[in-house]
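Engineer: Below is the structure I would like to discuss, written out as structure tokens.
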Amino acid sequence: MVKYDIIVVGVGPAGLGFAGHILNKNVLVIDRKDELGLPIKSSAATFTETLIDFELGDAVRHSSNGFRIILDNGFTKEFHYEKPVLHSLDFPRMIQILYERAKKNCEIIHPASVEHVNTKDGTIESIETEDNIFKADLFIDASGEARILLKHLDPPYYQKQWLAHGLEYEVTGLGLNTDYFDFFFGNNIIPEGYSWVFPTGNTTARIGLGKLVPGKGGQKKVNLKDALHDFISSDIISVNNFHENNIMETHGGVMTYYKPLKNPSFNNCFVIGDASSQSSCLLGEGIRFSLKSARELAIALNSHDMETARIYYQDYISNMTRHFNNCMLFLHFYKLAPDWGIHALIKALADYDDTNMLRILRSEFKGTDFSRLLYTVPKNLI
Ligand SMILES: Cc1cc2nc3c(=O)[nH]c(=O)nc-3n(C[C@H](O)[C@H](O)[C@H](O)COP(=O)(O)OP(=O)(O)OC[C@H]3O[C@@H](n4cnc5c(N)ncnc54)[C@H](O)[C@@H]3O)c2cc1C
């Protein structure tokens, strides 16, 4: 049996982000993966803010000065900025950068899958991998959608999770009509979801789609692979020369976006990143929020005892909950009336900073008077 001050489960952006910021503690980080960062599940598109805030410039594959919102009726809204705003990252490279930073502070073991979690009265006593039993004063669940610790501590939340299922191809040899990041919305493309074309070079792009599945199964069942092929062969998409044998990689997985965990700590366990639903259903963005939640907790633990850190982290999560609730609100309206929901989204995206985006959404959707929304949104829109 090995004992640490802190054990982190998960070597994704959240786990590594935490490990890179925690100081003066005996920390173990473990992951079930053989090769860290692989297989890739994420499109890894992010805003400039993430690169600056987390010094991830070296992981950038491609940058663009703008993006477009394209609806299934062909309507297109273009957003251009003087400087690059959106970037496609090399996901394994990003993990490598974060890993190099983390290993200065922590021990990292992989592959090591947590198979058993031993709890007593809501406190984690130990975790077990195939070969070992580990004890710690504090455990961090950074295991993404697996939520391997959380599911023992808060089963109702775990069961309530809402998931987005995504699939994308990284394709080479394309004729790209634009350098912008394209986001597509509309039920004719994919019901309860969205699709995208993110350039990763002059002739390469990630082309994918995500299906938001509220509750069990969502309203409409969709075969993601079929939907992706339909999307790629549709007129609406902005690429030429797609051939199946030009698919270099297939990425995919689950994104968690149910309301963030209200109380993200349970006695001696804190939950960060996707495991606590720190991701936005608006744009499928999760890397930035995972890194932020991880850093917030590490900084709180560096300067305070566990109970004070709990208050700080709780406060951070409460603020983020307000932020994500607006995403849920958008989703709600999008479901009720996709066209109006999309209009509001377009308007909100007019400023790419999503803090502003959410502020606008909140003001659009204030109160419950849906007819007022229908009346006001189009007037001051496009
Ligand atoms: C299709 C798709 C597209 C996306 N596109 C974007 C995008 O363009 N931009 C963006 O910002 N975000 C995107 N995201 C979301 C983003 O990838 C996630 O928010 C982010 O990876 C979450 O980081 P995390 O560290 O919390 O979890 P994860 O990245 O999921 O890492 C969790 C780690 O825990 C490990 N683990 C799980 N269970 C165990 C266990 N039992 N024992 C040991 N280890 C375990 C896993 O192996 C994994 O390495 C996308 C997600 C999907 C699915």
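Engineer: Name every residue in the stretch 49-64 that is more than 16 Å from the chain's Cα centre (by Cα) and surrounded by 15 or more Cβ atoms within 10 Å (Cβ to Cβ), in order of residue number.
Structural biologist: Answer for the stretch 49-64, where residues must be more than 16 Å from the chain's Cα centre (by Cα) and surrounded by 15 or more Cβ atoms within 10 Å (Cβ to Cβ): Leu56, Ala59, Val60, Arg61, His62, Ser63, Ser64.
Engineer: May I pose another question? Inside the stretch 120-179, counting only strands (runs of 3 or more DSSP E) that do not spill past its ends, which hold 1 or more residues that are modelled with pLDDT of 90 or more and within 25 Å of Tyr194 (Cα to Cα)?
Structural biologist: Result: 163-171.
Engineer: Something else now. Return the pairs, sorted by first residue and then second, in which the second residue is within 15 Å of the ligand (Cβ to nearest atom) and of a type in the set (A, V, I, L, M, F, W, C), the first residue lies in the stretch 259-279 and is under 10 Å from Leu297 (Cβ atoms) and assigned to a strand (DSSP E or B), the beta carbons are less than 6 Å apart, and the residues are 6+ apart or on different chains.
Structural biologist: Phe270/Ile140; Phe270/Leu297; Val271/Leu150; Val271/Leu261
Engineer: Restricting attention to the stretch 143-166, does a residue exist that is more than 30 Å from Ala294 (Cα to Cα) and not hydroxyl-bearing (Ser, Thr, Tyr)? Spell out the reasoning first.
Structural biologist: Restricting attention to the stretch 143-166, the residues satisfying the condition of being more than 30 Å from Ala294 (Cα to Cα) are none.
No, every residue in the stretch 143-166 fails to be more than 30 Å from Ala294 (Cα to Cα) and not hydroxyl-bearing (Ser, Thr, Tyr).
Engineer: Could you check the stretch 81-96 and list, in sequence order, the residues that are free of Cβ contacts under 8 Å to residues at least 60 places away in the same chain and either farther than 16 Å from Gly284 by Cβ or surrounded by fewer than 15 Cβ atoms within 10 Å (Cβ to Cβ) (or both)?
Structural biologist: Within the stretch 81-96, Glu82, Lys83, Pro84, Asp90, Pro92, Arg93 qualify.
Engineer: Looking at the structure I just gave you, is Lys41 within 9 Å of the ligand (Cβ to nearest atom), surrounded by fewer than 22 Cβ atoms within 10 Å (Cβ to Cβ) and at pLDDT 95 or above? Even if it seems obvious, please write down each step before you answer.
Structural biologist: On the way: within 9 Å of the ligand (Cβ to nearest atom): yes; surrounded by fewer than 22 Cβ atoms within 10 Å (Cβ to Cβ): yes; at pLDDT 95 or above: no.
Judged against the criteria, Lys41 is not a match.
Engineer: Is it the case that the stretch 182-190 has a residue that's in contact with a His (Cβ under 9 Å, 6 or more places away or on another chain) and away from the ligand (no atom under 14 Å from the Cβ)?
Structural biologist: no
Engineer: If you don't mind, there's one more thing I want to ask. Which one of these is assigned by TED's automatic domain parsing to the domain that holds Leu138, under 25 Å from Asn132 (Cβ atoms), within 9 Å of the ligand (Cβ to nearest atom) and in contact with a Leu (Cβ under 7 Å, 6 or more places away or on another chain): Leu36, Leu16?
Structural biologist: Within the list Leu36, Leu16, the selection yields Leu16.
Engineer: Might you check whether a residue that is under 22 Å from the mean Cα position of the chain (by Cα), modelled with pLDDT under 85 and more than 16 Å from the ligand (Cβ to nearest atom) occurs anywhere in the stretch 241-264?
Structural biologist: yes
Engineer: Would you mention how many residues in the stretch 1-13 are more than 9 Å from the ligand (Cβ to nearest atom) and closer than 19 Å to Ile299 by Cα?
Structural biologist: Of the residues in the stretch 1-13, 5 are more than 9 Å from the ligand (Cβ to nearest atom) and closer than 19 Å to Ile299 by Cα.
Engineer: Now, a different point. Of the residues Lys211, Lys216, which single one is assigned by TED's automatic domain parsing to the domain that holds Tyr169, farther than 16 Å from Leu167 by Cα and at pLDDT below 85?
Structural biologist: Among Lys211, Lys216, only Lys216 is assigned by TED's automatic domain parsing to the domain that holds Tyr169, farther than 16 Å from Leu167 by Cα and at pLDDT below 85.
Engineer: Could you pull out the residue among Val60, Val27 that is touching a Ser or Thr at 6+ places or on another chain (Cβ under 8 Å) and more than 7 Å from the ligand (Cβ to nearest atom)?
Structural biologist: Val60
Engineer: Give the stretch 180-201 a look and list any residue that's at pLDDT below 85 and either charged (D, E, K, R) or outside the structural domain of Gly252 (by TED's automatic domain parsing) (or both), or say none.
Structural biologist: Glu192
Engineer: Here is a check on your reading of the model: is Glu78 part of a strand (DSSP E or B), away from the ligand (no atom under 16 Å from the Cβ) and more than 23 Å from Leu16 (Cβ to Cβ)?
Structural biologist: Against the criterion (part of a strand (DSSP E or B), away from the ligand (no atom under 16 Å from the Cβ) and more than 23 Å from Leu16 (Cβ to Cβ)), Glu78 qualifies.
Engineer: Please find, within the stretch 284-318, the residue that is farthest from Phe198 (Cα to Cα) out of those that are surrounded by fewer than 24 Cβ atoms within 10 Å (Cβ to Cβ) and within 12 Å of the ligand (Cβ to nearest atom).
Structural biologist: Lys292
Engineer: Among the numbered conditions (1) surrounded by 19 or more Cβ atoms within 10 Å (Cβ to Cβ); (2) out of contact with any helix residue (DSSP H, G or I) (no Cβ under 9 Å at 6 or more places or on another chain), tell me where Ala142 comes up short.
Structural biologist: In the conditions (1) surrounded by 19 or more Cβ atoms within 10 Å (Cβ to Cβ); (2) out of contact with any helix residue (DSSP H, G or I) (no Cβ under 9 Å at 6 or more places or on another chain), Ala142 misses (2) alone.
The values are calculated or read from the model by the stated rules, or taken from the named source; none is laboratory data. The model shown is predicted, which means the values in this text are computed figures rather than measured ones. Cβ coordinates were reconstructed from backbone atoms using ideal geometry, including for glycine residues, and neighbour counts include every protein chain displayed.
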